[in-house]
Amino acid sequence: MFTKGNGKLPSPSEEISAFLGKETVFEGKMTFQGVFRLDGKFEGEIFDSGSLVIGETALVKGKIEVKTVVVHGVIEGDVHAGVRAEIHPTGKIHGNLVTPILLINEGGVFEGNCKMDRVAGQKENTDPQSPREERSLSD
């Protein structure tokens, strides 16, 4: 869950389909497909079926529901990432988070509650006789 990162932005397999620069201020509801990169200020709701990259200069206030969120800036609000959430060394999330996979790099900040839902399509082990794998943080 905690790793030391190099602070580089990930290179998504898809090209960025939408971009708001660091001088941009936007308020309202945003929907998009593919990869959306945000470096400015945004207040409202963001919904999509792709990946949201929050740049180092970005400040997002509101509700986010995406497949994947990669945070290098600041989010103030609730986040639902259906596949994965990453908080990089300069990233901060202040709010509630729901995601099946959470990665927090050294220096990243998460203040709030987190619920680890399973990945969509993954079956939950309901057999009480089946042993559960347990690992310590030191593994």
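Assorted remarks:
- Subset of the range 58-103 [charged (D, E, K, R), surrounded by 18 or more Cβ atoms within 10 Å (Cβ to Cβ) and under 8 Å from the mean Cα position of the chain (by Cα)]: GLU86
- Any hit, the range 92-111, residues being more than 24 Å from GLU23 (Cα to Cα) and among the hydroxyl-bearing types (Ser, Thr, Tyr): yes
- Residues that are among the acidic types (Asp, Glu) and within 18 Å of GLU56 (Cα to Cα) within the range 78-108 comprise GLU86, GLU106, listed in sequence order.
FYI, it's all coordinate maths here, none of it is from the lab. A quick note: this is a predicted structure, and the numbers were derived from the prediction, not measured. Using ideal geometry, Cβ is built from the backbone for each residue, glycine included, and neighbour counts are taken over all protein chains shown.
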